[in-house]
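The next block holds one structure in the form of structure tokens; read it before the comments.
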Amino acid sequence: VLLPDSAMRVQIGDICCSITCDDREVAGSLHESYKNFISDKPADISVRLAVVDRLSAAEIKPILPRVEAVQKDFGFATTLLTFEGEYDAASRTLNMIAEKHLFDPSLKSRIMNRVLPLVYFTACGMQNGSKRPAMLLHACAIIRHQQAIIFTGPSGTGKTTIARLCGDTHGHILNDEMVLCSWPNGERHPPIVRGTPILGEVAHRLNTAAPLRCILMLKQAERTSLRRLHQMEAYLRIMCQVIAPRHFNTAHDDVAAMLLQNTEFSEILTEKVPFYELEFTLDKDVLWNVIAELEESLTKGELVA
Amino acid sequence: MTNQIAKVEDVIWRQIEDETVVLTADGLSLHVLNTTAAFIWELCDGTKGTEEIVSILCEHFDVVPEEAGSDVNDIIVKLEGLGLVKRI
């Protein structure tokens with residue numbers, strides 16, 4: 001794919017996505033958002049964003065909760081026409097039109113968070129058929145002592161809270177919303193967790209990777225404690241956090257194959273990686289002490305009950 | 001109602017810690033089957049009807065045909081309702 005020199009290229013795991021935008025202000029904002037993920041690799045897929053300024057931020061804000069995205073074979077639209085896109089397979093380009101104020105940070109619409117997974121899965125589909133090189137997990141990941149800990153659970157269970165309790169003191173936040181996980185070195189080695197450009201609530205997002213040490217399923221509670229999860233419980237809970245694969249022009253067989261890959265991935269992950277339920281309060285000293293004790297036990301090869 | 005029972009196409013199932021977990025074809029729902037349901041699930045291969053499944057169940061478990069028949073019907077109706085099996 002030939003790209004204009006001005007296009008910004010953003011790395012999402014193994015996939016490089018070119019983004020061009022006809023609005024200087026929005027382009028600048030996107031560049032700032034994705035600055036840690038700017039890439040000079042050849043683009044696998046492109047997003048061409050045309051910005052329209054029909055609605056003010058004050059007009060968009062009240063309708064945002066009612067905006068629903070409807071995916072079509074080769075694109076998507078929204079019920080209230082705030083943004084839409086059409087994918088051109090020949091040029092591997094997603095042509096998007098979006099209201100300018102959707103990109104206002106204060107509105108937190110984060111529409112590119114909906115677009116980037118679609119683009120990632122589409123590019124993976126072109127390169128590897130239905131097989132994805134890495135799985136997208138709805139999770140927060142923090143690097144401590146050169147290893148990643150994944151904190152995950154349904155929305156509202158505290159992924160961002162954990163990132164905030166981490167701050168700059170207790171580790172390096174990879175991402176508090178979505179990470180990639182894969183076995184690039186084979187299943188005998190620990191899986192690798194990689195940061196993504198997906199926007200979370202906290203500003204920290206790192207474009208780096210680390211071996212996965214353990215996965216903690218979050219539960220806010222009156223005390224801070226850990227409970228080892230059996231494989232079945234871990235499997236049922238992590239399956240809900242693996243991002244459902246959808247891409248443009250997804251063939252029926254591809255969807256089935258991608259779902260199968262989700263189940264295989266979750267099974268292997270729950271076999272190979274220790275899973276715990278982490279109940280926690282907002283007392284960060286207690287929280288990080290509990291996690292430090294867990295890390296020490298795992299280093300010694302002990303599994304906390 | 002003598003139709004053969006088959007798993008719905010594209011339903012995915014895995015054995016996790018000796019239990020059977022089934023993912024619906026749309027990927028939206030996971031179901032954990034108990035021992036009897038998992039046994040019946042394995043037999044839903046499109047070649048057997050409920051009577052044959054009842055007969056096999058009686059051979060493997062200490063259960064009378066009336067009780068087994070009731071269990072098989074209940075479970076197949078539930079699996080059908082969940083979109084996991086179909087009568088062909």
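The values are calculated or read from the model by the stated rules, or taken from the named source; none is laboratory data. Bear in mind that the values here come from a model prediction, so they are computed numbers and not experimental data. Virtual Cβ from ideal backbone geometry, glycine too; neighbours counted across all protein chains shown.
Determine the pairs where a residue that is more than 10 Å from chain B (Cβ to nearest Cβ), located within segment A:234-256, has a partner that is at pLDDT below 75 and buried (at least 20 other Cβ atoms within 10 Å of the Cβ) with Cβ atoms under 6 Å apart, the partner being 6 or more residues away or on another chain.
Final answer for the pair search is A:Asp254/A:Ser130.
In segment A:259-273, is there at least one residue being farther than 30 Å from A:Gly125 by Cβ and either surrounded by fewer than 18 Cβ atoms within 10 Å (Cβ to Cβ) or within 27 Å of the chain's Cα centre (by Cα) (or both)?
Within segment A:259-273 (the criterion being farther than 30 Å from A:Gly125 by Cβ and either surrounded by fewer than 18 Cβ atoms within 10 Å (Cβ to Cβ) or within 27 Å of the chain's Cα centre (by Cα) (or both)), the answer is no, since none of the residues qualifies.
Matching residues to (1) farther than 25 Å from A:Leu55 by Cβ; (2) buried (at least 21 other Cβ atoms within 10 Å of the Cβ); (3) without any contact (Cβ under 8 Å) to a residue 60 or more places away in the chain:
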site	(1), (2), (3)
A:Tyr87	no, yes, no
A:Ser91	yes, no, no
A:Asp104	no, no, yes
A:Val115	no, yes, no
A:Gln127	yes, no, no
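The rows are residues; the columns are (1) at pLDDT 90 or above; (2) within 23 Å of A:Pro184 (Cβ to Cβ); (3) of a type outside the set (Val, Ile, Thr); (4) in a helix (DSSP H, G or I).
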site	(1), (2), (3), (4)
A:Asn207	yes, yes, yes, no
A:Leu218	yes, no, yes, no
A:Leu236	yes, no, yes, yes
A:Thr250	no, no, no, no
A:Asp254	no, yes, yes, yes
A:Ala257	no, yes, yes, yes
A:Gln261	no, yes, yes, yes
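Between A:Cys140, A:Cys181, which is in contact with a Leu (Cβ under 6 Å, 6 or more places away or on another chain) and either modelled with pLDDT of 95 or more or at positive phi (or both)?
A:Cys181
Name the pairs whose Cβ atoms lie under 9 Å apart, with the first residue in segment A:24-38 and in a strand (DSSP E or B), the second polar (S, T, N, Q), and 6 or more positions between them or separate chains?
Sorted first by the residue in segment A:24-38, then by its partner, the pairs are A:Ile38/A:Gln11; A:Ile38/A:Asn207.
Taking the criterion of being within 14 Å of chain B (Cβ to nearest Cβ) and either in contact (Cβ under 8 Å) with a residue 24 or more places away in the chain or assigned to a loop (DSSP other than H, G, I, E, B) (or both), would at least one residue in segment A:182-194 satisfy it?
no
Going by the conditions given, is B:Ile53 surrounded by 18 or more Cβ atoms within 10 Å (Cβ to Cβ), modelled with pLDDT of 95 or more, away from chain A (no Cβ under 14 Å) and farther than 27 Å from A:Val255 by Cβ?
Against the criterion (surrounded by 18 or more Cβ atoms within 10 Å (Cβ to Cβ), modelled with pLDDT of 95 or more, away from chain A (no Cβ under 14 Å) and farther than 27 Å from A:Val255 by Cβ), B:Ile53 qualifies.
I need a count of the residues in segment A:167-190 that are over 16 Å from the mean Cα position of the chain (by Cα) and under 18 Å from A:Gln241 (Cβ atoms).
Final tally of qualifying residues: 1.
For segment B:18-35, name all the residues that are β-branched (Val, Ile, Thr) and surrounded by fewer than 16 Cβ atoms within 10 Å (Cβ to Cβ).
B:Val32, B:Thr35
Hey, could you check segment B:1-17 for residues that are of a type in the set (A, V, I, L, M) and not in a loop (DSSP other than H, G, I, E, B) and say which is surrounded by the fewest Cβ atoms within 10 Å (Cβ to Cβ)?
B:Ala6
Hey, can you tell me all the residues within segment B:18-37 that are outside any loop (DSSP other than H, G, I, E, B), more than 9 Å from chain A (Cβ to nearest Cβ) and free of Cβ contacts under 8 Å to residues at least 60 places away in the same chain?
Hits for segment B:18-37 are B:Thr20, B:His31, B:Leu33, B:Thr35, B:Thr36, B:Ala37.
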